[in-house]
2 protein chains.
Amino acid sequence: MSLREVGPRDGLQNEDPVPTAAKVALLDALSSTGVRRIEAVSFVHPKAIPQMADAEEVWAAAHKEPGVRYSALVPNSRGATRALEAGFTELEVVVSASDTHNRRNVNRSTAESLDDITGLIDQVHEAGGSVEVIVATSFGCPYEGNVAPERVAGIVRRVLADGADRVAYGDTTGMATPRRVRELFRAVPPPTRVPTLLHFHNTRGTGLANILTALELGVVEFDASVGGLGGCPYAPGASGNVATEEVVHMLADMEIETGVDLDKLIDAARLAQKIVGRDLPSGVLKAGPRVPR
Amino acid sequence: MSLREVGPRDGLQNEDPVPTAAKVALLDALSSTGVRRIEAVSFVHPKAIPQMADAEEVWAAAHKEPGVRYSALVPNSRGATRALEAGFTELEVVVSASDTHNRRNVNRSTAESLDDITGLIDQVHEAGGSVEVIVATSFGCPYEGNVAPERVAGIVRRVLADGADRVAYGDTTGMATPRRVRELFRAVPPPTRVPTLLHFHNTRGTGLANILTALELGVVEFDASVGGLGGCPYAPGASGNVATEEVVHMLADMEIETGVDLDKLIDAARLAQKIVGRDLPSGVLKAGPRVPR
């Protein structure tokens, strides 16, 4: 089971800005939990996303735990250059399956973004790095409603043809359900053929039910955010990313190994809670594990 | 699909006491949602549970919607008498699979409680009513940890031999997981043979994953609480009962019919939130349905 912790990037990017030292402390706490992958920072324009303006400083100061794969999100070629210069080799780039969502996010069509990604993949490959393409709104769009799995599949065919190393399906606003997960995997390549990661939100309570369904379909890579850090930018007060503790807790009960020490992870979630100064939604953080170890 | 709304009883019993009129208003709002079963009140000693001291008044004032099955929880023979006199025919009684939990709850062993239930079943049957036996801590006990499915199965065999009409398995403190659900149903009678209801909490995020698992095992009766009303008495600030909106929302997406109008249910959840004066944990209440109808 390959769990990627996205709290330091996706989580903090959707919270009020926090000091550089706090970001480094959270990264270091997570690096010590045994988790094997961490999305560390994003290299975005500081005017667009002030939360990540200090990405280089954060990454330079963070402890790099041997055996942990760290990745960075980049919006474009300029961001890719920054990420590569900072030393990242695993890069992620986002395109939205919903044209409306893509336009509202980056002011261009999905097709235009895909053309940009073609060049970005070449650039990263030439520098010796790899690219994961995250297809946002894969399970639905807050503006367009349901998104046809065939549309998502078309995007994936395109980016694979362009050389993408991995794909991820993003449940951007918490619209994924067990049914939508099953329907998507009838259209897209199986995870046995293409390295595939799922990124679920728990906005409407289905986070773990979606993961359970995806496990049955052979998916073994998931994103999760410590404490459920991140919130949902489309529904104030609602949950965003599925909480890492809840995922690890359920998987441990199923005897699925993640490498993560749940006690250390809960400590990291407490730190995350302190950093953002509000209660985080993670149930396992609030109530503790079902049976203490 | 048979969904039982437990907010008026289980929900309000675990909140600070609210006025009689508010209880009636919530019951009436829920009766109008299309839900087919409601746990309305409990007939317990007012000193033990002041939240339900006005059970007779609440029930007398509530609108009785034709086609809705209303039930009441009773702790003992005295409570059963009150419930029958108030006009209930569907009664529920609880026994805990964990001896420690049973002793802390009612100051007697599980075996002693089972002896009491034998007499209670006879009493209710003689009056023309039916009895559901709820086996609390079926998925784990906060004091004892895991509870052996064989122990739960033994209790069920006993109460069925004594004439219980239905059984329910209670996830009293949110310890159920998909694995524990599967393991329980390897030990207890299948839902095709014995009318079986599952009562899950969402304390650690697994509420809907548990329901999904139980559906695969053939279970078609579930409890849920409007808004997630109720909290978790063992973990302050944590979620308790799975929220009815989240259950209805996921089932509707799966095209499983519950009879419930989600918009009316969300209205009832807003009322519940107003009544208890705090934010309730339901994600669908906070974020709305994934696709508005």
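The values are calculated or read from the model by the stated rules, or taken from the named source; none is laboratory data. Small disclaimer: the values here were computed from a predicted structure and weren't measured. Every residue, glycine as well, gets a Cβ built from its backbone with ideal geometry; the counts of neighbours run over all protein chains shown.
Return a yes/no flag: does the range A:172-191 have any residue that is more than 14 Å from chain B (Cβ to nearest Cβ), among the aromatic types (Phe, Trp, Tyr) and closer than 25 Å to A:TYR143 by Cα.
Yes - at least one qualifying residue is present in the range A:172-191.
Suppose we filter the range A:270-291 for residues that are of a type in the set (A, V, I, L, M, F, W, C) and either within 21 Å of A:THR206 (Cα to Cα) or within 8 Å of another protein chain (Cβ to nearest Cβ) (or both); how many remain?
Final tally of qualifying residues: 5.
Within the range A:194-211, can you find the residues that are touching a residue at least 60 places away in the same chain (Cβ under 8 Å) and surrounded by 24 or more Cβ atoms within 10 Å (Cβ to Cβ)?
Across the range A:194-211, the qualifying residues are A:HIS199, A:ASN202.
Can you name the residue in the range A:192-201 that is touching a helix residue (DSSP H, G or I) at 6+ places or on another chain (Cβ under 7 Å) and under 28 Å from A:PRO236 (Cβ atoms) and is also nearest to the other protein chains (Cβ to nearest Cβ) among such residues?
It comes out as A:HIS201.
Output the residue which, of all residues in the range B:212-260 that are facing another protein chain (nearest Cβ under 10 Å), part of a helix (DSSP H, G or I) and in contact with a strand residue (DSSP E or B) (Cβ under 7 Å, 6 or more places away or on another chain), is surrounded by the fewest Cβ atoms within 10 Å (Cβ to Cβ).
B:VAL247
Out of curiosity, is A:GLY205 farther than 25 Å from A:SER31 by Cα and within 13 Å of chain B (Cβ to nearest Cβ)? Let's see the steps before the verdict.
Working: farther than 25 Å from A:SER31 by Cα: yes; within 13 Å of chain B (Cβ to nearest Cβ): yes.
Considered against the rule, which asks whether it is farther than 25 Å from A:SER31 by Cα and within 13 Å of chain B (Cβ to nearest Cβ), A:GLY205 comes out as yes.
Quick one: which of A:VAL35, A:VAL93, A:VAL44 is assigned to a strand (DSSP E or B) and hydrophobic (A, V, I, L, M, F, W, C)?
Unique residue meeting the criteria: A:VAL93.
For the range B:135-171, name all the residues that are within 14 Å of chain A (Cβ to nearest Cβ), crowded, with 19+ Cβ neighbours inside 10 Å and either of a type outside the set (A, V, I, L, M, F, W, C) or assigned to a loop (DSSP other than H, G, I, E, B) (or both).
B:THR137, B:SER138, B:PHE139, B:GLY140, B:PRO142, B:VAL147, B:ASP171
When the residues of the range B:100-134 are filtered to those that are among the charged types (D, E, K, R) and without any contact (Cβ under 8 Å) to a residue 12 or more places away in the chain, which remaining residue is surrounded by the fewest Cβ atoms within 10 Å (Cβ to Cβ)?
Applying the filter and picking the extreme gives B:GLU126.
Would you mention how many residues in the range B:261-279 are assigned to a loop (DSSP other than H, G, I, E, B) and at pLDDT 95 or above? Spell out the reasoning first.
Restricting attention to the range B:261-279, the residues satisfying the condition of being assigned to a loop (DSSP other than H, G, I, E, B) are B:261, B:277-279.
Keeping just the survivors that are at pLDDT 95 or above gives B:261, B:277.
Summing the residues that are assigned to a loop (DSSP other than H, G, I, E, B) and at pLDDT 95 or above in the range B:261-279 gives 2.
Among the acidic types (Asp, Glu) and outside any helix (DSSP H, G or I) - does that describe any residue in the range B:180-189?
Looking through the range B:180-189, none of the residues is among the acidic types (Asp, Glu) and outside any helix (DSSP H, G or I).
One line per residue, one yes/no per condition, for (1) more than 20 Å from A:HIS199 (Cα to Cα); (2) touching an Asp or Glu at 6+ places or on another chain (Cβ under 9 Å):
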| residue | (1), (2) |
| --- | --- |
| A:GLU65 | yes, yes |
| A:ARG69 | no, yes |
| A:ASN76 | yes, yes |
| A:ALA86 | yes, yes |
| A:ASP115 | yes, no |
| A:GLY128 | yes, no |
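Would you mind telling me which numbered condition in (1) in a helix (DSSP H, G or I); (2) surrounded by fewer than 18 Cβ atoms within 10 Å (Cβ to Cβ); (3) of a type outside the set (Ser, Thr, Tyr); (4) in contact with a strand residue (DSSP E or B) (Cβ under 9 Å, 6 or more places away or on another chain) A:ASP28 fails?
(4)
Just give me the residues in the range B:1-28 being under 18 Å from the mean Cα position of the chain (by Cα) and hydrophobic (A, V, I, L, M, F, W, C), in sequence order.
B:MET1, B:LEU3, B:VAL6, B:LEU12, B:LEU26, B:LEU27
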